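Taking it in order: structure first as structure tokens, then the write-up.
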Amino acid sequence: MAKLSELVGSTRGERLAGRVGLAVSAFEGDRFDEARRILGPIVREAPAYVEGRELYGLALYRLGRWKQAATQLEAFIELTSGSTEQHPVLADCRRALKQYSEVDRLWRELKEASPSSELVAEGRIVAAGALADQGRLADAVRLLSQGFKFPKRPQLHHLRRAYALADLYERSGDLPAARELFNRITHFDDGHLDAEDRLRSLG
């Protein structure tokens, strides 16, 4: 992957690298529009700058600019010769755009690559959500529940998957299963999810 100095020269690259640092700080501080405004000109000047494309795409995603974010993340994939690292985010963009065949394609690629359990879990959540969006609740439950067991020491991606599955159970009318999962999540949730409120609403 080319460095900024290789794309625009050492002097200009050093200046732009400082701007990228500001964009990273803005993104990490949830100032996504600021990050977008900084990165846009940099990406236009150095379209082969992989890290810029990736962060710009993520900032656009956090702003709900699905089509623009997808464009940047597709470019990131091409520049990295097929990295699946941002497939869950790109799939969520395609889901928001109702491009469900693209969600399916990205999920298949991610599942085949199996880069990490966290990324695969996030991709599975998005793929199941896309099925639910199309009214295919049974298929969504089947996909999200496949091979899932609530671990004794769950990590965040386990809790997110369990939460999404509990939501699908509730939407499909299986309230006992939804209650059971929401209840288990409450024992480990540090406030990242609203499982306690969801459990209370089920009575």
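Here GLY64 fulfils each of the conditions (1) assigned to a helix (DSSP H, G or I); (2) within 25 Å of ARG94 (Cβ to Cβ); (3) out of contact with any helix residue (DSSP H, G or I) (no Cβ under 6 Å at 6 or more places or on another chain) apart from (1). Within region 97-119, if we keep just the residues that are surrounded by fewer than 18 Cβ atoms within 10 Å (Cβ to Cβ) and of a type outside the set (D, E, K, R), the residue that is nearest to LEU144 (Cα to Cα) turns out to be SER117. Applying the set (1) part of a helix (DSSP H, G or I); (2) out of contact with any Pro (no Cβ under 6 Å at 6 or more places or on another chain); (3) surrounded by fewer than 20 Cβ atoms within 10 Å (Cβ to Cβ) to LEU165 leaves exactly one unmet item: (3). With the condition kept exactly as written, say whether any residue in region 52-73 is touching a His at 6+ places or on another chain (Cβ under 9 Å), under 28 Å from LEU22 (Cα atoms) and crowded, with 20+ Cβ neighbours inside 10 Å. Yes, region 52-73 contains a residue that is touching a His at 6+ places or on another chain (Cβ under 9 Å), under 28 Å from LEU22 (Cα atoms) and crowded, with 20+ Cβ neighbours inside 10 Å.
Residues in region 52-111 that are in contact with a Phe, Trp or Tyr (Cβ under 7 Å, 6 or more places away or on another chain) and of a type in the set (Lys, Arg): ARG53, ARG62.
We did not get these values from a lab; they are worked out from the coordinates using the rules stated. These figures come from a predicted structure and were not determined experimentally. All Cβ positions, glycine included, derive from the backbone under ideal geometry; neighbour counts span all protein chains shown.
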